[in-house]
């Protein structure tokens, strides 16, 4: 593989992969932004370059970006706020570590999980050639009910909260159930928003492929930034640990559980790392907070990169994840050699990104320790809103405002943020089952 | 077992019905999800409904401003004494919330060797149960209250009472001067009975018989379509009960004909990782195997699994062997540790007061 990668003919790919990793560093630093959105905008700006950039060069650039982003995004997500649901699943336990001055340790643990996940993905790459055609053929007619099962489990596995100390049975019942009802309301309202956005976009036509961006920014990023501005006083001094408390057994358990969740999320459309991680965490009965944080690193990395890797399996035509859809028009055919090159580039970008993780985390810590955290959050909020306005106009702003209101529901009532994924899960599951048109007609959207 | 284990096992059970698989692939039916929904239903009924309607005669509501371990232990001891006299008694222990993310923890144990109720006030913890070390109270922090009878419980573990709602215990007189301690008496009773599964299936069966028409190609199937729904519901809920029976707590299988939970087989604890994953993995393999063998028009579409033997060997026998190896190794190591501590083999010893991590018992539904 090294011969293949270092062949002079392929060295330009290494160059583009390095460039992509560096670019991911910049993208990761922009709080609350998702790589797919940024890459989409980037392609809008550079699509004119397609004459000077080959398909594989774009792949190398994208590989560097997605691998770098999947490892490095932990840092700004930990200190500034998550950009999507996959990150917000991790951010709550991570915020706890930050409040104890252990944010650096949390980031490094997540990074180790990410590296473990990508090595596991590289080791599994030859097996995928054997397994994936069969898996695809078995599951292809069944994806819609698998999504239905994911939704059912998400909703059924949220348990009541509350301390149940009232002498009145019904008061205790209501105390527990109000959290569940908020969760259900969040899921179905975001699902409704999803139907509307998918049927009638208010975003300018040239940015129609970005129509979901204001929704995600409103659901996940802005509520987080608002919470930061309202709640957080000062970040305590962050300890830069020299080692982490982890043994090999815990490492392998974390990577194993995270890999399962990430692979499930990568393979089943619309399912994200947060949902996959929740299910894998329950399937493997995870309880240790170190295990959770590290396993999450594996899960989100395998989700982001794995969905891109599936695209390269020759003869499979499995397009999963935003990045695969973005590069599809520029890739005509895929061979075993392309697959091997992708795996090589992925491992190269993994090493490079992990080396950048420590300095990047220290830089972020220095920033939040020197600059007032409120100022950082306010700047991030204004920047995010301006960016959405710039690319999606008033239509996008309107969608973002509605999504922000919904995104604040779980924050205010301590329900699961994962219910916000109803925005994609519900309309896609209903559409795949063939009932989408009925719903759209019922809503008067056609 | 974890909720996810029950959920996916329910789907696996549903996938054994060829007509259900055909309905899913050919008619965009969500019928296979029904198995999953009823797989998790018994716990849903308990933790979302039954717990709220259970009342206790004794309540422990400690005052965080005047913490006294002896007071807590005394109320529990009173409840045991009442059970010894009158047959049954229940006690509900409450948590102490000090702030939106701050709780006062304490533990409750039953030392069967000395017939003492043992309470220890622990540190402050956050909602993630991370302790703030050094916040343990200096006075009245531990107490042991002796009761006049002996007691026993199926699995001797110290309960950590810290966040959300606290646990409930029932004490039941069993023989002369002996009381059984039952953890969460409202859990795994009527909701985890074959009776409820049967009654639900009968009701659904009547409705589906009246409303569900026969589908296409009925000659392909041995049972009519209407019968699928009650069967999937019944077997989905039964697989939950069977899985739970492998643990310690057991179920009340024939409620209301039987009054109490029967003991579990004690093979594994509900929160253990490997047994949970064993069931999940077996279910995933069963689902894939069934979806493939019951694919529509098998003569026109090649199978996703070319060789059944090879599939079962590589994807089930081998992973299960690896899981069993690690599970038995872990069990042996625990057994050796117990023997090193002079406890009898095969059953847990008295409460482990020095190892809260290992001895902790949860009332959290996501763990049970």
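The values are calculated or read from the model by the stated rules, or taken from the named source; none is laboratory data. Worth saying up front: this structure is predicted, and the values here are computed from it rather than measured. Glycine also receives a Cβ, built like all others from the backbone with ideal geometry; neighbour counts cover every protein chain displayed.
Every residue in the range B:98-118 that is under 30 Å from residue A:99 (Cβ atoms) and either more than 10 Å from every other protein chain (Cβ to nearest Cβ) or without any contact (Cβ under 8 Å) to a residue 40 or more places away in the chain (or both), please. Spell out the reasoning first.
Pass one, the range B:98-118, residues under 30 Å from residue A:99 (Cβ atoms): B:98-108.
Passing the criteria: B:98, B:99, B:100, B:101, B:102, B:104, B:105, B:106, B:107, B:108.
Can you tell me which residue in the range B:48-74 is nearest to residue B:142 (Cα to Cα), limited to those that are buried (at least 19 other Cβ atoms within 10 Å of the Cβ) and away from every other protein chain (no Cβ under 14 Å)?
Across the range B:48-74, the extreme among qualifying residues is B:69.
May I ask you to list the residues in the range B:165-184 that are buried (at least 19 other Cβ atoms within 10 Å of the Cβ) and part of a loop (DSSP other than H, G, I, E, B)?
Of everything in the range B:165-184, those that are buried (at least 19 other Cβ atoms within 10 Å of the Cβ) and part of a loop (DSSP other than H, G, I, E, B) turn out to be B:165, B:166, B:167, B:184.
For residue B:99, only one of the following conditions fails: (1) at positive phi; (2) surrounded by fewer than 17 Cβ atoms within 10 Å (Cβ to Cβ). What is its number?
(1)
Which of the numbered conditions does residue B:56 fail, given that it passes all the others? Conditions: (1) within 24 Å of residue A:177 (Cβ to Cβ); (2) touching a helix residue (DSSP H, G or I) at 6+ places or on another chain (Cβ under 6 Å).
Every listed condition holds for residue B:56 apart from (2).
With the structure loaded, tell me whether residue B:256 is more than 9 Å from every other protein chain (Cβ to nearest Cβ), part of a loop (DSSP other than H, G, I, E, B) and modelled with pLDDT of 90 or more or whether it fails that test. I'd like the intermediate steps shown before the answer.
On the way: more than 9 Å from every other protein chain (Cβ to nearest Cβ): yes; part of a loop (DSSP other than H, G, I, E, B): yes; modelled with pLDDT of 90 or more: yes.
When the stated conditions are applied, residue B:256 passes them.
Those residues that are touching a residue at least 12 places away in the same chain (Cβ under 8 Å), assigned to a helix (DSSP H, G or I) and surrounded by fewer than 19 Cβ atoms within 10 Å (Cβ to Cβ), I need them from the range A:406-428; list them, please. Give the derivation first.
So in the range A:406-428, the residues touching a residue at least 12 places away in the same chain (Cβ under 8 Å) come out as A:406-411, A:413-428.
Going one step further and asking which of them are assigned to a helix (DSSP H, G or I), we end up with A:406-411, A:413, A:417-428.
Matches in the range A:406-428: A:408, A:411, A:413.
Does residue A:134 satisfy the criteria of being within 25 Å of residue A:314 (Cα to Cα), part of a helix (DSSP H, G or I), modelled with pLDDT of 80 or more and touching a helix residue (DSSP H, G or I) at 6+ places or on another chain (Cβ under 6 Å)? Steps first, answer last, please.
Numbers: within 25 Å of residue A:314 (Cα to Cα): yes; part of a helix (DSSP H, G or I): yes; modelled with pLDDT of 80 or more: yes; touching a helix residue (DSSP H, G or I) at 6+ places or on another chain (Cβ under 6 Å): no.
So residue A:134 does not fit the description; no.
Which number in (1) modelled with pLDDT under 90; (2) within 26 Å of residue A:403 (Cβ to Cβ); (3) buried (at least 22 other Cβ atoms within 10 Å of the Cβ) marks the one condition that residue A:183 misses?
Status for residue A:183: all satisfied but (1).
Tell me, which residue of the range A:106-143 that is within 21 Å of the chain's Cα centre (by Cα) and within 14 Å of another protein chain (Cβ to nearest Cβ) is nearest to residue A:354 (Cα to Cα)?
Taking the range A:106-143 and keeping what is within 21 Å of the chain's Cα centre (by Cα), we get A:106-122, A:143.
From the residues that got through so far, the ones that are within 14 Å of another protein chain (Cβ to nearest Cβ) too are A:106, A:143.
On the way: A:106: 14, A:143: 35 Å.
Looking at the filtered set, the residue picked out is A:106.
Every residue in the range A:156-178 that is within 16 Å of residue B:51 (Cα to Cα) and part of a helix (DSSP H, G or I), please.
A:169, A:170, A:171, A:172, A:173, A:174, A:175, A:176, A:177, A:178
Of the conditions (1) under 26 Å from residue B:158 (Cα atoms); (2) modelled with pLDDT under 95, residue B:42 clears all except one; give me its number.
All conditions are met except number (2).
Going by what's in this entry, would residue B:245 be described as outside the structural domain of residue B:86 (by TED's automatic domain parsing), modelled with pLDDT of 90 or more and within 30 Å of residue B:326 (Cβ to Cβ)? If you could, list the steps in order and put the result at the bottom.
Working: outside the structural domain of residue B:86 (by TED's automatic domain parsing): yes; modelled with pLDDT of 90 or more: yes; within 30 Å of residue B:326 (Cβ to Cβ): yes.
Yes, satisfied.
Can you pull out the residues in the range B:259-268 that are closer than 11 Å to residue B:243 by Cα and either touching a strand residue (DSSP E or B) at 6+ places or on another chain (Cβ under 8 Å) or within 14 Å of chain A (Cβ to nearest Cβ) (or both)?
Answer for the range B:259-268, where residues must be closer than 11 Å to residue B:243 by Cα and either touching a strand residue (DSSP E or B) at 6+ places or on another chain (Cβ under 8 Å) or within 14 Å of chain A (Cβ to nearest Cβ) (or both): just B:268.
Any residue in the range A:169-176 that is buried (at least 19 other Cβ atoms within 10 Å of the Cβ) and under 22 Å from residue A:272 (Cα atoms)?
Let us first name the residues in the range A:169-176 that are buried (at least 19 other Cβ atoms within 10 Å of the Cβ), namely A:172-173, A:175-176.
Add one more test, that the residue is under 22 Å from residue A:272 (Cα atoms), and what stays is none.
No.
Conditions: (1) assigned to a loop (DSSP other than H, G, I, E, B); (2) more than 14 Å from chain A (Cβ to nearest Cβ); (3) farther than 18 Å from residue B:67 by Cβ. Residue B:138 meets all but one. Number of the miss?
Of the numbered conditions (1) assigned to a loop (DSSP other than H, G, I, E, B); (2) more than 14 Å from chain A (Cβ to nearest Cβ); (3) farther than 18 Å from residue B:67 by Cβ, the odd one out for residue B:138 is (3).
Condition check: on the phi < 0 side of the Ramachandran plot, at pLDDT 85 or above and out of contact with any strand residue (DSSP E or B) (no Cβ under 9 Å at 6 or more places or on another chain). Does residue A:281 satisfy that? Let's see the steps before the verdict.
Working: on the phi < 0 side of the Ramachandran plot: yes; at pLDDT 85 or above: yes; out of contact with any strand residue (DSSP E or B) (no Cβ under 9 Å at 6 or more places or on another chain): yes.
When the stated conditions are applied, residue A:281 passes them.
I want to confirm something. Restricting to the range B:273-316 and keeping residues that are in contact (Cβ under 8 Å) with a residue 24 or more places away in the chain and not in a helix (DSSP H, G or I), which single residue is farthest from the other protein chains (Cβ to nearest Cβ)?
B:294
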